[in-house]
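The values are calculated or read from the model by the stated rules, or taken from the named source; none is laboratory data. Note that the coordinates shown come from a computational prediction; the quantities given were computed from them, not determined experimentally. Counting neighbours? That spans all protein chains shown, and the Cβs are built from the backbone with ideal geometry, glycine included. Calculation scope for accessible area: heavy atoms of the full protein, side chains included, ligands and nucleic acids excluded. Shrake-Rupley method; radii C 1.70, N 1.55, O 1.52, S 1.80 Å.
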Amino acid sequence: MMKNKPPLQKMSRFISLILILATLPFAVMLLNKKISQSRGIATDQVGYQEDLNYDLSEASVSEFKKAFKYQLLKNILVEKNLEGVVITVGGFQMKDSAGNKVSVCELYPTIDFFLSAEGVAFSGEIPQLIVRASCVPSTDHKHISSFPIPFQEIFETQLDQTMLTIEPGPTHLGGKVFFKNIVEFWPAQWVLSGIKLYPRDSRQSTLEVNGYEIISVLGAPLFINE
């Protein structure tokens, strides 16, 4: 037969329970504060990482070879306006020969956007447009845009023509569009198949992104149509 616990022991446990219940709101408050602080740190780290993606000046050679391609492509945008289709890619910072942090456009003043016809080939050769423009960063230096690509004007040119000069406009410096492997007709569908940046110093290598890398980063081909 079990004996009843002494009244003093019961009272002690009762008081302990009251103290636990009394301090519970304070403990919850501290926990919430700690979680909020952790979230704040995580948010700062995300922002810091985004800045790191833009600022590649401290990247090693091997890191840079991958990082600049992701930076160009991660927020790529295709927009249409009254003048044509504009392709906007990400800009980034890097170091010049003196160790100064500069925009990529200062070291690589010319950019090509390669467009390949989708589902069309003439004698095994895929038609291609090469959109060549000056590399001009946006105001925040985080974006680089093509001039408006005038597809309507392009499709009205003679098939044996190899180049079209685009005059400067209110929002761009103009450039050139080169035509390759255009034989019987102008294809209607095009995909972005490459990006190339040309250095000011001819001793430096070009910066290139190919079609496979574009699909790898974006998850699908990027169609660019009229």
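Would you mind stating whether Ala188 is open to solvent by 20 Å² or more (accessible area, probe 1.4 Å), without any contact (Cβ under 8 Å) to a residue 12 or more places away in the chain and more than 30 Å from Ala98 (Cα to Cα)? Steps first, please.
On the way: open to solvent by 20 Å² or more (accessible area, probe 1.4 Å): yes; without any contact (Cβ under 8 Å) to a residue 12 or more places away in the chain: no; more than 30 Å from Ala98 (Cα to Cα): yes.
No.
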Checklist entry - If you scan the stretch 183-197, which residues turn out to be farther than 17 Å from Val85 by Cβ, modelled with pLDDT of 95 or more and aliphatic (A, V, I, L, M)? => result Leu197
Checklist outcome for this item: Given the conditions (1) under 19 Å from Glu83 (Cα atoms); (2) exposed (fewer than 15 other Cβ atoms within 10 Å of the Cβ); (3) within 26 Å of the chain's Cα centre (by Cα), every one holds for Arg200 apart from (1)
Checklist entry - Out of the stretch 118-141, which residues are closer than 20 Å to Pro221 by Cβ, buried (at least 16 other Cβ atoms within 10 Å of the Cβ) and in contact (Cβ under 8 Å) with a residue 60 or more places away in the chain? => result Glu118, Val120, Pro127, Gln128, Leu129
Checklist entry - Before we move on, is Val78 open to solvent by 10 Å² or more (accessible area, probe 1.4 Å), of a type in the set (A, V, I, L, M, F, W, C), under 19 Å from the mean Cα position of the chain (by Cα) and closer than 29 Å to Phe185 by Cβ? => result yes
Next on the checklist: Go through the stretch 135-173 and report how many residues are aromatic (Phe, Trp, Tyr) and under 13 Å from Glu83 (Cα atoms).
Outcome noted: 2
